[in-house]
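Scroll down for the structure; my scribbles are underneath it.
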Amino acid sequence: MERDSILALLRENPIFKNLTLSHLTQFLDSCQKKHFNPGDYLIHEGEIGKHFFILLDGKIAFTKKNPENQQELPIFTLSEMQLIGEMSWLDEEPRSVSARALTSVEVLQVDYADMDNLIKKIPEFYSIFRYITKNLSLNLRKANDIVVKTMIKHLAEYKIRNMMGVFSGYAIIMLSFYSFLLYGLNSFFHSVSSTTFIGVPIGIFFLISFIIFVKCTNMPWRFFGITTDGWKKAMFEGIVFTIPIILFLPIFKLILIATVPSYQSRMLFEPYTDLNLLNLDNGHIKITWMISVMLYIFISVPLQELIVRGGCQSPLQEFLVSKYKNIIAIVISNLIFETQHLIISFRYALLALIPGFYFGWLYSRHHTLIGVILAHILLGFFGTWVIGF
């Protein structure tokens, strides 16, 4: 690069804006023009600095060694008309980073001693020192912001790790407890008039466990879907998306009646399928049916969705890092929770798994329990208490 071209670049640089052409000429006379090939180091971390550089052409990468394995980690890159190595001129400390040429590089090398002499002789050159310190101050402010953001990020990651540990313990304890409970209730199940009367106490137990789990995680309630944010759209979609499924259920039941031997003697609409009719007259059947429906709508469904969506799906969506994390969270949370329906039958648990995926998808769209609870009530009521599977 020719001398006139270098002078023109210097005049355009804000570092030298307070210097006249005569000053710039004197400055250029005190510099040495240097060339570096790709891969060459301009400065090395830890060395004592004796000069800084002004990058005229090319690109420089700054790196810092990992103290554990001495591996060089990239920090940032610089392009034309930037300073390299000026920190050691200011604080007289060893280099804090290394600088390596990424391309062919041309620089002006400025010795610290020559720069000090220029400032002593010509006060105007003090503006360079002033500009560098001002720029460092701005960079320090930016660094402070980065540190704060990094601390916030690390705190969030710590919360997630803490919640992951709590969630793992919670899931293991609940699954173990439910396995014992399932075995113990197997004989009792056939003596009650409705499975809802068993499901509600179990759900209440899980609710208490869920509240303890939430308190241990220190996460806000909205993280678990307990929020009214976006409730209108969630309710709208919960109704609109569920209606076609409800309309399909009678067709599906007819297909089962026509193809599955155990269904061939069944009727299309069987509202009392979930009730044990052995010891009940017609009047008690209707009362039991109404009580079971009320428990299902106001207790059983909200409890189920709170536990499976809020307690299982929400943490899994946060823990997992795959691009398919929502799908994986939906599948895992439903597989875990559908074990509750094994107390009724394997067939019932398998059938309940399909709408469970749908409810999980609805929840992942809005992250509020309102819409998915409404959809579950509509679909569950019609499938269980009207058609009867």
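The values are calculated or read from the model by the stated rules, or taken from the named source; none is laboratory data. Note that this is a predicted model, so its numbers are computed, not measured. For neighbour counting, all protein chains shown are included, and Cβ atoms are generated from backbone atoms with ideal geometry for every residue, glycine included.
Given the criteria of a type outside the set (G, A, S) and within 16 Å of N13 (Cβ to Cβ), does M115 qualify?
yes
Just to be sure I understand the filter: pairs with C-beta atoms under 7 Å, separated by 6 or more residues or on different chains, first member in the stretch 33-50 and under 19 Å from K64 (Cα atoms), second member assigned to a loop (DSSP other than H, G, I, E, B) and charged (D, E, K, R). Which pairs pass? These pairs meet every condition: I43/R95; H44/R95; E45/R95; G46/R95; E47/R95; G49/R95. Residues in the stretch 227-266 that are surrounded by fewer than 15 Cβ atoms within 10 Å (Cβ to Cβ), of a type in the set (A, V, I, L, M, F, W, C) and within 29 Å of L316 (Cα to Cα): F236, I239, V240, I243. Of all residues in the stretch 71-120, those satisfying the criterion of being part of a helix (DSSP H, G or I) and touching a strand residue (DSSP E or B) at 6+ places or on another chain (Cβ under 7 Å) are W89, Y112.
Kindly indicate whether F269 is in the same structural domain as G169 (by TED's automatic domain parsing) and either part of a loop (DSSP other than H, G, I, E, B) or at pLDDT 80 or above (or both). Here the answer is yes, as F269 does meet what is asked. Would you please name the residue that is farthest from N13 (Cα to Cα), looking only at residues in the stretch 118-164 that are among the small types (G, A, S) and at pLDDT 80 or above? Applying the filter and picking the extreme gives S137.
Scanning the stretch 5-33 for residues that are part of a loop (DSSP other than H, G, I, E, B) and surrounded by 14 or more Cβ atoms within 10 Å (Cβ to Cβ) yields N13, N18, L19, S30, C31. Could you say whether any residue in the stretch 51-73 is at positive phi and surrounded by fewer than 15 Cβ atoms within 10 Å (Cβ to Cβ)? Yes, that holds for at least one residue.
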